[in-house]
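Comments concern the structure below.
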Amino acid sequence: MSYENAVAEARDLISERGDAWSAITAEGVARMRLQNRFGCGLDIARATAATMRADMAAYDADPSRYTQSLGCWHGFIGQQKAISIKKHFGSLKGRYLYLSGWMVAALRSEFGPLPDQSMHEKTSVPALIAELYTFLKQADARELGGLFRDLDAARAAGDRERETALIAAIDGHESHVVPIIADIDAGFGNAEATYLLAKKMIEAGACALQIENQVSDEKQCGHQDGKVTVPHEDFLAKINACRYAFLELGVDDGIIVARTDSLGAGLTKQIAYSRAAGDLGDQYNAFLDCDEVTDLGALRGDVVIERDGRLMRPKRLASNLFQFRPGTGEDRCVLDCVTALRSGADLLWIETEKPHIEQIAGMVDRIRAEVPDAKLVYNNSPSFNWTLNFRQQAYDAWAAAGRDVSAYERGALMSVIYDTTELAAEADERIRTFQKDASARAGIFHHLITLPTYHTAALSTDLLARDYFGELGMLGYVAGVQRREIRDGIACVRHQNMSGSDIGDDHKELFAGDAALKAGGVHNTMNQFA
């Protein structure tokens with residue numbers, strides 16, 4: 001609805017109520033409605049799901065139109081990311097937020113810092129989604145509030161041309177409310193538990209849920225050892241649970257990201273149930289590492305399966321887990337992905353041990369032979385040593401091409417002594433174009449960094465602590481933080497405004513008129529940053 005139509009609608013409503021509402025202004029109502037256009041989390045989930053679906057279709061038509069996000073562990077972090085993107089690029093198109101279960105565990109649990117093993121409170125995940133959207137909606141209110149103030153100033157000055165331009169800017173305002181891809185881990189329990197948590201996450205505003213095929217009570221971070229997968233039927237039940245949650249809540253376009261950890265997971269807790277040779281359970285069991293049973297008397301509480309007419313005993317560890325045959329990870333990943341897409345998933349996530357385009361593309365080519373429009377979400381993880389990995393990739397490419405690599409030691413390429421070399425420059429260029437190249441070659445629709453703001457918070461705090469508590473004293477803060485905020489146009493330098501003080505003043509004026517006691521007067525020290 002346009003600004004002028006919103007004002008007219010409010011004016012008609014106030015007029016119907018007569019003198020009792022005479023203190024209420026139509027423009028005040030219209031402005032507050034526009035500043036809070038999303039009534040609840042489900043409104044957000046429906047709107048952002050439509051955004052993601054449109055972006056997915058655009059990527060199918062043109063792989064250069066991939067999307068990106070950064071992981072956020074606090075509403076303020078997500079808000080500032082969105083504000084910064086609009087400031088630098090003018091639009092949030094194709095830019096989302098990612099909610100990482102790792103960061104929830106490490107930073108948001110009442111138990112304190114926890115590893116990424118689904119030990120944190122499951123309710124902390126929907127709580128963070130709601131928090132992120134609270135801050136994003138406040139960013140809308142703040143930005144629109146500034147436009148409204150400018151509009152009032154233009155009218156007071158009789159500047160009709162600027163008034164018209166500001167109304168157009170209000171009508172064309174792009175919301176900071178962007179899609180969130182939210183990590184539901186392995187579902188925090190059985191399919192019913194997954195369904196209940198999915199509902200809470202969707203009600204908070206999540207339009208996309210990322211779920212992985214690990215065992216809930218044995219869940220590990222995708223970049224650590226000891227990962228245990230479940231048979232496909234167990235995982236598909238959880239995908240169905242997520243879909244039912246979306247449909248029950250009327251988010252028909254909700255997106256399910258099916259993640260497979262099979263590449264690095266060599267264990268399973270269960271042997272799959274098989275009804276017939278070649279069915280899904282039989283295919284899962286075909287990857288088990290087995291010994292042929294030739295002496296029934298040697299069995300001691302063992303599980304045995306039939307394979308090609310032979311009785312086989314899957315190798316079971318002391319942990320009571322069964323192991324897969326070495327070297328089967330990629331085949332299992334491909335089967336996982338094809339099965340998930342054919343069973344209701346919308347996007348795939350393959351957790352890899354390194355960022356290597358051809359490795360990813362090799363699996364995607366096989367998946368797309370079965371499901372041509374398969375698309376990936378890919379974790380550009382801080383768990384990878386990007387510098388070392390890409391310098392080694394450049395080294396290997398040079399060696400394969402017959403170039404002289406005698407000046408380099410492959411295992412020591414992280415060393416600072418190589419930072420200014422030609423090989424390092426080529427590696428950095430490969431890193432720079434990784435997302436574009438991987439989206440074109442390997443079917444990656446969405447690139448995310450799971451934990452960037454965890455690392456940036458640590459780095460910036462370390463630099464400030466070094467300078468402030470050292471010889472620089474207060475200059476460490478002023479030169480390293482505040483002066484940069486001012487010079488770089490960081491909105492938070494006016495922290496009272498960012499926290500909502502000016503929005504509050506606008507409301508006070510609407511509520512109390514000339515009697516309003518406002519904070520933004522001449523004695524507000526924030527005026528030093530105007």
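Would you pick out the residues in the stretch 301-342 that are under 17 Å from Pro372 (Cβ atoms) and among the polar types (S, T, N, Q)?
Passing the criteria: only Thr339.
In the stretch 324-335, how many residues are under 9 Å from Ser262 (Cβ atoms) and either within 22 Å of the chain's Cα centre (by Cα) or of a type in the set (Gly, Ala, Ser) (or both)?
Matching residues across the stretch 324-335 total 2.
Do we have any residue at all in the stretch 66-82 that's among the small types (Gly, Ala, Ser) and surrounded by fewer than 16 Cβ atoms within 10 Å (Cβ to Cβ)? Walk me through how you get there before you give the answer.
First, pick out the residues of the stretch 66-82 that are among the small types (Gly, Ala, Ser): 69, 71, 75, 78, 82.
This time we only want the ones that are surrounded by fewer than 16 Cβ atoms within 10 Å (Cβ to Cβ), so: none.
Checked the stretch 66-82: no residue is among the small types (Gly, Ala, Ser) and surrounded by fewer than 16 Cβ atoms within 10 Å (Cβ to Cβ).
Let's see how each residue does on (1) among the basic types (Lys, Arg); (2) surrounded by 18 or more Cβ atoms within 10 Å (Cβ to Cβ); (3) under 30 Å from the mean Cα position of the chain (by Cα); (4) not assigned by TED's automatic domain parsing to the domain that holds Ile44:
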| residue | (1), (2), (3), (4) |
| --- | --- |
| Glu248 | no, no, yes, no |
| Arg259 | yes, yes, yes, no |
| Ala286 | no, yes, no, yes |
| Cys290 | no, yes, no, yes |
| Leu296 | no, no, no, yes |
| Gly301 | no, no, no, yes |
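Restricting to the stretch 494-518, name every residue that is within 26 Å of Arg484 (Cα to Cα) and not basic (Lys, Arg).
Start the filter on the stretch 494-518 by keeping residues that are within 26 Å of Arg484 (Cα to Cα), which leaves 494-503.
Those that are within 26 Å of Arg484 (Cα to Cα) and not basic (Lys, Arg): His495, Gln496, Asn497, Met498, Ser499, Gly500, Ser501, Asp502, Ile503.
Here are some residues: Leu472, Leu510. Which one is among the hydrophobic types (A, V, I, L, M, F, W, C), over 30 Å from Gln359 (Cα atoms) and surrounded by fewer than 16 Cβ atoms within 10 Å (Cβ to Cβ)? Working first, answer last.
Numbers: Leu510 fails: surrounded by fewer than 16 Cβ atoms within 10 Å (Cβ to Cβ).
Sole residue among the options that is among the hydrophobic types (A, V, I, L, M, F, W, C), over 30 Å from Gln359 (Cα atoms) and surrounded by fewer than 16 Cβ atoms within 10 Å (Cβ to Cβ): Leu472.
Tell me whether the stretch 440-449 contains one or more residues that are touching a residue at least 40 places away in the same chain (Cβ under 8 Å), over 21 Å from Ser100 (Cβ atoms) and basic (Lys, Arg). Steps first, please.
Looking only at the stretch 440-449, we keep the residues that are touching a residue at least 40 places away in the same chain (Cβ under 8 Å), and these are 440-449.
Within this subset, residues satisfying the condition of being over 21 Å from Ser100 (Cβ atoms) are 440-443.
When the remaining residues are screened for being basic (Lys, Arg), the result is 441.
Yes: one or more hits.
Quick check on my filter: what residues within the stretch 9-23 are over 27 Å from Leu136 (Cα atoms) and either of a type outside the set (Lys, Arg) or assigned by TED's automatic domain parsing to the domain that holds Gly504 (or both)? Give the derivation first.
Going through the stretch 9-23, the residues over 27 Å from Leu136 (Cα atoms) turn out to be 11-23.
Result: Asp12, Leu13, Ile14, Ser15, Glu16, Gly18, Asp19, Ala20, Trp21, Ser22, Ala23.
For a quick check of your reading of the model, give me the residue pairs whose first member lies in the stretch 106-132 and is surrounded by 23 or more Cβ atoms within 10 Å (Cβ to Cβ), whose second is basic (Lys, Arg) and at pLDDT 95 or above, with beta-carbon atoms closer than 9 Å and at least 6 apart or on different chains.
Between residues of the stretch 106-132 that are surrounded by 23 or more Cβ atoms within 10 Å (Cβ to Cβ) and residues that are basic (Lys, Arg) and at pLDDT 95 or above, the close pairs are Val125/Lys200; Pro126/Lys199; Pro126/Lys200; Ile129/Lys200.
Select, from Ala519, Ala479, Ala465, the only residue that is within 30 Å of Ser22 (Cα to Cα), without any contact (Cβ under 8 Å) to a residue 40 or more places away in the chain and of a type in the set (Gly, Ala, Ser).
Numbers: Ala479 fails: within 30 Å of Ser22 (Cα to Cα); Ala465 fails: within 30 Å of Ser22 (Cα to Cα).
Matching residue, one of Ala519, Ala479, Ala465: Ala519.
Taking the stated definitions as given, is Gln138 part of a strand (DSSP E or B) and either on the phi > 0 side of the Ramachandran plot or among the polar types (S, T, N, Q) (or both)?
Numbers: part of a strand (DSSP E or B): no; either on the phi > 0 side of the Ramachandran plot or among the polar types (S, T, N, Q) (or both): yes.
It is false that Gln138 is part of a strand (DSSP E or B) and either on the phi > 0 side of the Ramachandran plot or among the polar types (S, T, N, Q) (or both).
Determine whether Phe390 is over 28 Å from Tyr98 (Cα atoms) and buried (at least 18 other Cβ atoms within 10 Å of the Cβ). First the steps, then the outcome.
On the way: over 28 Å from Tyr98 (Cα atoms): no; buried (at least 18 other Cβ atoms within 10 Å of the Cβ): yes.
No; evaluated as a whole, the condition is false for this residue.
Does any residue in the stretch 70-81 that is within 12 Å of Thr456 (Cα to Cα) come within less than 6 Å, Cβ to Cβ, of a residue that is among the basic types (Lys, Arg) six or more places away or on a different chain, and which pairs are these?
As it stands, the answer is Leu70/Lys81, since those pairs meet every condition given.
Looking only at the stretch 321-377, filter to residues that are basic (Lys, Arg) and within 27 Å of Arg432 (Cα to Cα); which one of those is modelled with the lowest pLDDT?
Here is the first cut: in the stretch 321-377, the residues basic (Lys, Arg) are 325, 332, 342, 354, 366, 368, 375.
Next, only the ones that are within 27 Å of Arg432 (Cα to Cα) stay: 354, 366, 368, 375.
On the way: Lys354: 93, Arg366: 98, Arg368: 98, Lys375: 98.
Among those that are basic (Lys, Arg) and within 27 Å of Arg432 (Cα to Cα), it is Lys354.
Go through the stretch 1-120 and tell me which helices (runs of 4 or more DSSP H), entirely inside it, have 1 or more residues that are more than 28 Å from Met498 (Cβ to Cβ) and more than 19 Å from the chain's Cα centre (by Cα). Lay out the reasoning, then the answer.
On the way: elements: 3-17, 26-35, 41-61, 75-89, 101-107.
Because the criterion is at least 1 residues that are more than 28 Å from Met498 (Cβ to Cβ) and more than 19 Å from the chain's Cα centre (by Cα), the helices (runs of 4 or more DSSP H) in the stretch 1-120 that meet it are 3-17, 26-35, 41-61.
Yes or no: the stretch 214-221 includes at least one residue that is surrounded by 24 or more Cβ atoms within 10 Å (Cβ to Cβ), in contact with a strand residue (DSSP E or B) (Cβ under 8 Å, 6 or more places away or on another chain) and in a loop (DSSP other than H, G, I, E, B). Don't jump to the end; show me each part of the working.
The initial filter retains those residues of the stretch 214-221 that are surrounded by 24 or more Cβ atoms within 10 Å (Cβ to Cβ), namely 214.
Now restrict to residues that are in contact with a strand residue (DSSP E or B) (Cβ under 8 Å, 6 or more places away or on another chain): 214.
Okay, now just the ones that are also in a loop (DSSP other than H, G, I, E, B), so none.
No, because not a single residue in the stretch 214-221 is surrounded by 24 or more Cβ atoms within 10 Å (Cβ to Cβ), in contact with a strand residue (DSSP E or B) (Cβ under 8 Å, 6 or more places away or on another chain) and in a loop (DSSP other than H, G, I, E, B).
The values are calculated or read from the model by the stated rules, or taken from the named source; none is laboratory data. Just so it is clear, the structure is predicted and the values come from calculations on it, not from any experiment. For neighbour counting, all protein chains shown are included, and Cβ atoms are generated from backbone atoms with ideal geometry for every residue, glycine included.
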